[in-house]
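The values are calculated or read from the model by the stated rules, or taken from the named source; none is laboratory data. Keep in mind that this is a model prediction, so the values were computed, not measured. Cβ sites come from the backbone with ideal geometry, for glycine too, and all protein chains shown count toward neighbours. With ligands, DNA and RNA removed, areas are computed over all heavy atoms of the protein, side chains included. Shrake-Rupley method; radii C 1.70, N 1.55, O 1.52, S 1.80 Å.
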Amino acid sequence: IFFKVTDVETSARSDTGRSSTNEKKAVLLNSDCTDFATDNDVDKLKVKLLSKKNIDTQITEAKKFFKTKCLSTKQVKALSTLYKTDAEKYKLFDASYPFVSDSDNFMDLVVLLTEPYYINRFIAMVRM
């Protein structure tokens, strides 16, 4: 994982009208990612996961996929809709975190968890 500095265009209104400025922002990217999953790839993975009998075989199947393609946080969020409990969602998050291309956004997924135990585990995992 490394930081990449990118130009971000921002707009600000002043009393005289609109002005635009460019600022530098550090973005945390996974430098190990070379192949990125498309939304179609994620849809196919969802179908595969749904065909599996239990959470452990689903996570094993997901890990095989993660080793070939990186996902965005948004795509992990889409996969998490397959799971109802915090325990299941946490297993997915734990398995996918090393393979997320935009690690800086991963903490946003904490809102999908409701139980303090899994929230704390998730926060500890992301801060490592």
How about the range 42-101: which of its residues are among the hydroxyl-bearing types (Ser, Thr, Tyr) and not in a helix (DSSP H, G or I)? Ser51, Thr68, Ser72, Thr81, Tyr83, Thr85, Ser101
Those residues of the range 22-55 that are open to solvent by 70 Å² or more (accessible area, probe 1.4 Å) and modelled with pLDDT under 90 come to a total of 7
I need the full set of residues from the range 72-120 which are more than 16 Å from the chain's Cα centre (by Cα) and either closer than 17 Å to Asp41 by Cα or open to solvent by 60 Å² or more (accessible area, probe 1.4 Å) (or both), in order please. Lys84, Thr85, Thr114, Glu115, Pro116, Tyr117, Asn120
So the check is Cβ under 8 Å with 6+ separation or different chains; which pairs have a first residue in the range 106-122 that's under 8 Å from Phe93 (Cβ atoms) and a second one that's among the charged types (D, E, K, R)? Leu109/Lys77
Which pairs turn up if I take residues in the range 69-81 that are more than 13 Å from Leu92 (Cα to Cα) and hydroxyl-bearing (Ser, Thr, Tyr) and look for partners that are open to solvent by 10 Å² or more (accessible area, probe 1.4 Å) and assigned to a helix (DSSP H, G or I) with beta carbon separation below 8 Å, at least 6 apart in sequence or on another chain? Ser72/Asn105
What do you reckon, is Gln58 modelled with pLDDT of 95 or more, open to solvent by less than 40 Å² (accessible area, probe 1.4 Å) and more than 15 Å from the chain's Cα centre (by Cα)? yes
